[in-house]
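Notes follow the structure.
The values are calculated or read from the model by the stated rules, or taken from the named source; none is laboratory data. Bear in mind the structure is a predicted one, so any value in this text is a computation, not a measurement. Every residue, glycine among them, receives a Cβ derived from its backbone with ideal geometry; neighbour counts consider all protein chains shown.
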Amino acid sequence: MIRTPHWAATALTCLALSGIAAGHAAPALASAPADGASTALATDAAFLRASHQGNLTEIAAGKDARKHATTDCVKQVGEVLVRDHTKLDADTRALADDQGVDLPMAPSKEQQQTLADLRAKAGGPAYDAAWLKAQAAAHEKTLARIDNQIARGENARVTAAAKAARPVVAMHLGMVRGGTCHTASAPHTIHAGNGGHVSTSLAAEVPVAVAVPVVAVGGVLVAGGAFWAASRMRRNDNR
């Protein structure tokens, strides 16, 4: 019977273990496949369409506030809305495209009418108060829509995007709640989601170009240590 030397058996075992570790690490580094890639279910598609229209409305309202508001606070809130909803809408459009959902080209008729009513007050003292009241109502509706998606949505990626957007929308509501303007809590940047790709572990955030060489080098070092230890053991056995 052929006997495998102790040092060879030890090295092979270590290399096998390092290969197993690399195999387990690989799935954590890969992005998860899209759920329902062909088309989202009705609730999810409706959420994406309504979110897009809401974003378009808030971007337009923010631009109007920057131009027509009479107070610095409202102008600053308008700037935040343009910044954040532009980011949110980019994520929404990318996710809708990936899910095969056609988006509306413009806000709803009701939203367009609200924007028109606000513009009719531009240049007067009533504009700021009316704008704040409209934004409070709009963001309350958006939060309710987000919560409905989180509770009832079927598509995991769309629901993940809703969860990512929620703190941003809640922050906006805090800035206009009750028709009163607040800007102290507005952050300079936002992280509004990632198209529904949610990291499930720290390893999922490590670049493949870094993680794979690290695993490979670790396997080599382990195997080298095993060769050294096995050589020492063989010399001791020969004495």
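Brief remarks on what is shown
- Unique match (being assigned to a helix (DSSP H, G or I), crowded, with 21+ Cβ neighbours inside 10 Å and in contact (Cβ under 8 Å) with a residue 12 or more places away in the chain) among ALA129, ALA136, ALA161, ALA170: ALA161
- Residue within region 101-111 that is surrounded by 14 or more Cβ atoms within 10 Å (Cβ to Cβ), in contact (Cβ under 8 Å) with a residue 60 or more places away in the chain and assigned by TED's automatic domain parsing to the domain that holds ALA46 present: yes
- Region 45-81 - residue that is of a type in the set (Val, Ile, Thr) and either buried (at least 19 other Cβ atoms within 10 Å of the Cβ) or touching a strand residue (DSSP E or B) at 6+ places or on another chain (Cβ under 8 Å) (or both) and, of those, farthest from LEU103 (Cα to Cα): VAL74
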